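J.: Take this structure, written in structure tokens, and hold onto it; I'll ask about it next.
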Amino acid sequence: MQISITKTTAPKAKPDWNKLGFGKYYTDHMFIMDYVAGEGWIDARIVPYQPLQLDPAAICLHYGIEIFEGMKAYPGKDGKVRLFRPADNAARINRSGARLCMPHLPEEMFVEAVKTLVDVEREWVPTLPDTSLYIRPFIIANEAQLGVHVANRYQFIIILSPSGAYYPEGLNPVKIYVEDEYVRAVRGGTGFTKCGGNYAAAMIAQQKAHELGYSQVLWLDGVERKYINEVGAMNIMFRIDDEIVTPDLEDGTILPGVTRDSVLKIAKDWGIAVSERRISVEELADAARSGRLKEAWGTGTAAVVSPVGELRYEDEVFVIGGGQIGEYTQRIYDELTGIQWGKREDKFGWTMEF
Ligand code: COI
């Protein structure tokens, strides 16, 4: 793939790496590539970061034809930058795209685009502990058309944002509210995709959770409102006795997280029992009441491994692990971030360094 590069003539001042927060600053350049039906993906380019030119009738603005990915570039002490399982994000954007009738994006093009942009922006990879360069690849249907039809024109765009922890709590446990009024996904819907609409539909519940003093909602299944689903910005895992239990992906309502998969592989490799299965909120509540629910944590690219210290379900509040980060959570966090930062052996061959 030919990628033309136009460098900015007005580089921005870098933000204070100590005060990054999540997704608030953007680098000097962005990647753009167009898709035109009949021609395919064309005109790959890296250009100065700038507003998009969009026709007000662009389909993405009206019918939400948009999908995205979340990835990170990690700084290493050796001066190398590392991507983590980028081919998995490439595969997932295509699974999302297929569901929304968007064109296939060759996976090697996706990875090359990410790698080339990150390489141009190496100086924007923050170097403090627990910071990284968050990568947001996304595809929009930009054809001007108010009829509800599959689009003929798209743009694949990548922007980069030097970021710290997703939750202001950092590695301190977050409080999660079990949502039993609104639903996120149903079988046959778009739950397994990373489409903007999934997140739009979740806002009301997130607002409710915030008003109640919780960071996020834990979704239940959309039909019976009985089985644990995911948190929205992360997948969820529990340690019940000494086993890791997490909802399975069978019914297509849960996002197949790259971090989720990595954590399960690490845990299995350590010999920890892992069970991917349906888990009802009642089973979870019983485990909490009887003291068998030892830990809970979320997994996600942005959230990394995020301990959950409190769950509220209806009027009952369960404090998990005394509200402290647990043994499995800490061990998994250290191992995963150790691999991502190039500090621990990458025996699974997950990192791409350059
Ligand atoms: C990620 O973890 O990268 C995500 O995309 C979740 C999010 C909506 C911040």
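J.: For the chain, with a Gaussian network of springs between Cα atoms less than 10 Å apart, report the residue from 274, 223, 174 with the top mean-square fluctuation.
T.: Fluctuation is largest for 223.
J.: Between residue 146 and residue 324, what length in nm is gained on full extension when 0.36 nm per residue of separation is reduced by their alpha carbon distance? Write out the running numbers ahead of the final one.
T.: Numbers: separation 178, 0.36 × 178 = 64.08 nm, distance 5.14 nm.
So the extension gain works out to 58.9 nm.
J.: Moving to a separate point now. Calculate the FRET efficiency for residue 261 and residue 207 from the Cβ-Cβ distance with a Förster distance of 25 Å, rounded to the nearest 0.05. Working shown, then result.
T.: Working: r = 30 Å, r/R0 = 1.21.
E between residue 261 and residue 207, to the nearest 0.05, is 0.25.
J.: Continuing with the same structure: Contour minus end-to-end for residue 127 and residue 316, with contour as 0.36 nm per residue of separation and end-to-end as the Cα-Cα distance? Mind dumping the intermediate values first?
T.: On the way: separation 189, 0.36 × 189 = 68.04 nm, distance 4.15 nm.
Separation in residues times 0.36 nm, less the Cα-Cα distance, equals 63.9 nm.
J.: Here's a follow-up. Between residue 268 and residue 19, what's the calculated FRET efficiency when r is the beta-carbon distance and R0 is 30 Å? Round to 0.05.
T.: Values: r = 38 Å, r/R0 = 1.27.
Taking R0 as 30 Å, the efficiency between residue 268 and residue 19 is 0.20.
J.: Please list, by residue number, everything in segment 233-273 whose backbone N is under 15 Å from a paramagnetic label point 7 Å out along Cα→Cβ of residue 115.
T.: Zone members listed by number: none at all.
J.: Here's a follow-up. Considering only 235, 142, 18, give the residue with the highest GNM mean-square fluctuation for the chain, with springs between Cα atoms whenever their separation is below 10 Å.
T.: Result for the chain, Cα springs under 10 Å: 18 fluctuates most.
J.: Taking amide H positions as placed in the peptide plane 1.01 Å from N, state which residues far from residue 125 in sequence (5 or more) or on other chains have amide H under 5 Å from it.
T.: none
J.: Here's another thing I want to ask about it. How far, in degrees from 0 to 90, does helix 107-120 lean away from the longest principal axis of the Cα atoms of the chain, to the nearest 10?
T.: 80 degrees
J.: May I ask you to list the trypsin sites (Lys or Arg not before Pro) in segment 1-62 that are in a DSSP loop and have at most 16 other Cβ atoms within 10 Å of their Cβ? Don't skip to the answer; put the middle values down first.
T.: Working: sites: 7, 12, 19, 24, 45; in loops: 7, 12, 24.
Passing sites in segment 1-62 are 7, 12, 24.
J.: Per the Kirkwood formula on distinct C-alpha pairs, the Rh of the chain is how many angstrom?
T.: Working: mean 1/r = 0.0472 Å⁻¹.
It is 21.2 Å.
J.: To continue, here is another question. Mind checking which of 259, 235, 317 is farthest towards the positive end of segment 174-340's charge dipole, using Cβ charges of +1 (Lys, Arg) and -1 (Asp, Glu) about the Cα centre?
T.: Selected residue: 259.
J.: What list of ³J(HN,Hα) couplings, whole Hz, do you get for segment 314-319 from phi and the Karplus terms 6.51, -1.76, 1.60, once you set θ to phi - 60° and write x for glycine and proline?
T.: Rounded to whole hertz, the list is 6, 9, 9, 10, 10, 8.
J.: Here's something else I'd like to know. For segment 179-225, what is the charge dipole size about the Cα centre, in debye to the nearest 20, if Lys and Arg each add +1 at the Cβ and Asp and Glu each add -1 at the Cβ?
T.: Details: 5 positive and 6 negative charges, 48 e Å.
In total the dipole reaches around 220 debye.
J.: Just to be sure I understand: with springs between alpha-carbon atoms less than 10 Å apart, which residue in 50, 324, 216 has the highest mean-square fluctuation in the Gaussian network model of the chain?
T.: 50
J.: Tell me, how many Å apart are the Cα centres for segment 169-243 and for segment 286-354?
T.: Cα centroid of segment 169-243 versus Cα centroid of segment 286-354: 16 Å apart.
J.: Something else: List the longest stretch of the chain that has no exposed loop site; here a site is one of the GluC sites (Glu not before Pro) assigned by DSSP to anything other than H, G, I, E or B, with at most 13 other Cβ within 10 Å.
T.: Of all site-free stretches, the longest is 40-180.
J.: Could you compute the FRET efficiency for residue 87 and residue 45, with r as their C-beta to C-beta distance and R0 at 22 Å, rounded to 0.05?
T.: Numbers: r = 23 Å, r/R0 = 1.04.
For residue 87 and residue 45, the calculated efficiency is 0.45.
J.: Any idea what the dipole of the chain comes to, in debye rounded to 20, about its Cα centre with Lys/Arg Cβ at +1 and Asp/Glu Cβ at -1? Mind dumping the intermediate values first?
T.: Details: 39 positive and 49 negative charges, 153 e Å.
Using only the charged Cβ atoms, the result is roughly 740 debye.
J.: Still on this model: Could you tell me the extents of segment 4-163's C-alpha atoms along the three principal axes, largest first, rounded to whole Å?
T.: 50, 32, 28
J.: Roughly how big is segment 4-163's charge dipole about its Cα centre, with Cβ charges of +1 (Lys, Arg) and -1 (Asp, Glu), in debye to the nearest 20? Before the final figure, lay out each step's value.
T.: On the way: 18 positive and 18 negative charges, 110 e Å.
The dipole magnitude comes to about 520 debye.
Quick note: the coordinates plus some simple rules give every number you see, no bench work behind them. Computed from a prediction, not measured in an experiment: that's the story for all the values here. Every residue, glycine among them, receives a Cβ derived from its backbone with ideal geometry; neighbour counts consider all protein chains shown.
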